[in-house]
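Structure record follows, encoded as structure tokens.
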Amino acid sequence: MKTGEPDWNDLRYFLAAARAGTLSGAARALGVRHTTISRRLAALEGALGASLVMRGPQGIEVTPLGKRLLPFGEDLERAIEAMTALVRSGTRRVRLALPTGLSPYFAERMAAFHKACPDISLELTSGSRPVDLLHGEADLAVRMGVVADETLIARKLCDAGWSLYASGPYLERHPMPIDPRRLAGHEIIGFHENLARVPGARWIEAHGAGATTVFRVAEMTEMLAAALSGAGLAAMPCMLAEAEPRMVRLAPDILGSHAVSLVYRREIGAEAPVRAVIRFVTAVIKDHAALISGEAR
């Protein structure tokens, strides 16, 4: 048989024939002539270079190879049915990745978004690791800091401020005032190397001489938990620390900041569901910009 690129639409005819056991039965199931079934089966076998069915007076019998291929055809059939149902329902899934600390602002507005846009299934994920948009890990992402990838669209939304914080248990051991620029003699919560470039890590590097790093964290939520326990001072995003009433800000000034940007692939920016999510993200960040920047006290 001469092999080539198979027409996967022919799989429908193969599946129907295997289920019916006869060409005429498959023809009735699909509403076509039995000669069409025979022709499409031959085309699929020719493209694959292998026999999938054996024809006889009692009908057809699926070959051993055909039996091995049946599950793949059934998987493809289910996938096509799911895609068709999704398109017909008008629902579009949009995945939005958020950095740690921002997700509560969005979670409280999700019900309103779904009421306004019932045809969009918006999924939120959060964490400190930047998702790979180019490889489909998400459709859009809110990112902190510089976005260097020129293949992505980056819309700056605001600036995120950082400051130095401590909890009551720590301040019982080290009473105020504490000079954020002279941290010698203090215990501090450090940063894992994957966070070495965030403003808090740079501040500790510049002003932490003589301080003791009690441990290092890779997630800001871990830093908040450690600071609340009194383990040490924490240079943290204002939006995360100031949402926790047990944290005390040690400096009125913003000790560092970086941009907050909405990032997405250029080719999806014109899609209506994506535009709706862009508007949603922009509105949520705008409403919380003062807290995110550290200016709201």
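A short reminder: the numbers here are calculations on the coordinates, not readings from a lab. The model shown is predicted, which means the values in this text are computed figures rather than measured ones. Heads up, the Cβs are rebuilt from the backbone with ideal geometry, glycines too, and the neighbour counts pull from every protein chain shown.
Extension gain Asp7-Ala112, at 0.36 nm per residue separation less the Cα-Cα distance, in nm?
Full extension from Asp7 to Ala112 adds 33.3 nm.
In region 42-167, what percentage of the DSSP-assigned beta bridges are antiparallel, given to the nearest 5?
30 percent
Plugging the Kirkwood radius over Cα pairs into Stokes-Einstein for region 247-297, at a temperature of 25 °C and a viscosity of 0.890 mPa s, what D comes out in µm²/s?
Translational diffusion coefficient: 184 µm²/s.
Nearest 20 debye, what's the magnitude of the dipole of region 10-89 about its Cα centre given +1 on Lys and Arg Cβ and -1 on Asp and Glu Cβ?
The dipole of region 10-89 has a size of about 220 debye.
Just the C-alpha atoms of region 30-73: what Rg/Rh do they give, with Rh taken as the Kirkwood radius?
0.97
If you put +1 on each Lys and Arg Cβ and -1 on each Asp and Glu Cβ, how big is the dipole of region 90-297 around its Cα centre, in Debye rounded to 20?
Magnitude of the dipole: close to 340 debye.
Per residue, how big is the convex hull around the C-alpha atoms of region 1-150? Give it to me in cubic angstrom, could you?
174 Å³
Which of these values of volume of the Cα convex hull per residue in Å³ was calculated from the structure shown: (1) 276; (2) 188; (3) 131?
(2)
At a Förster distance of 30 Å, what's the computed FRET efficiency of Leu124 paired with Arg78, Cβ-Cβ distance as r, to 0.05?
0.65
Considering only DSSP beta bridges whose two residues both sit in the chain, what percent are antiparallel, to the nearest 5?
Roughly 65 percent of the beta bridges in the chain run antiparallel, per DSSP.
At q = 0.15, 0.19, 0.20 Å⁻¹, what log₁₀ I(q)/I(0) does a Debye calculation on the Cα points of region 190-249 give, no solvent, two decimals?
Debye curve over Cα of region 190-249, log10 I(q)/I(0) at q = 0.15, 0.19, 0.20 Å⁻¹: -0.40, -0.66, -0.73.
Based on the Cβ-Cβ distance of Glu244 and Arg181, what FRET efficiency does E = 1/(1 + (r/R0)^6) give at R0 = 30 Å, to the nearest 0.05?
According to the calculation, E is roughly 0.80.
Using the Cα centre of the chain as origin and beta-carbon charges of +1 (Lys, Arg) and -1 (Asp, Glu), tell me which of Leu122, Ala272, Ser38 is placed farthest towards the positive end of the dipole.
So the residue furthest toward the plus end is Ser38.
Which is farthest toward the positive dipole end of the chain among Ser167, Ile285, Ala184, measuring Cα position about the Cα centre, with Cβ charges +1 (Lys, Arg) and -1 (Asp, Glu)?
Sorting the options by dipole projection puts first Ile285.
Taking the simple approach of a point 7 Å from Cα along Cα-to-Cβ for both Arg33 and His192, what is their distance in nm?
6.6 nm
Can you grab the distance from the C-alpha centre of region 97-127 to the C-alpha centre of region 258-282, Å, no decimals?
Each part's Cα centre sits 13 Å from the other's.
If Rh is defined by the Kirkwood formula over all Cα pairs and Rg also comes from Cα, what ratio Rg/Rh do you get for region 10-89?
1.00
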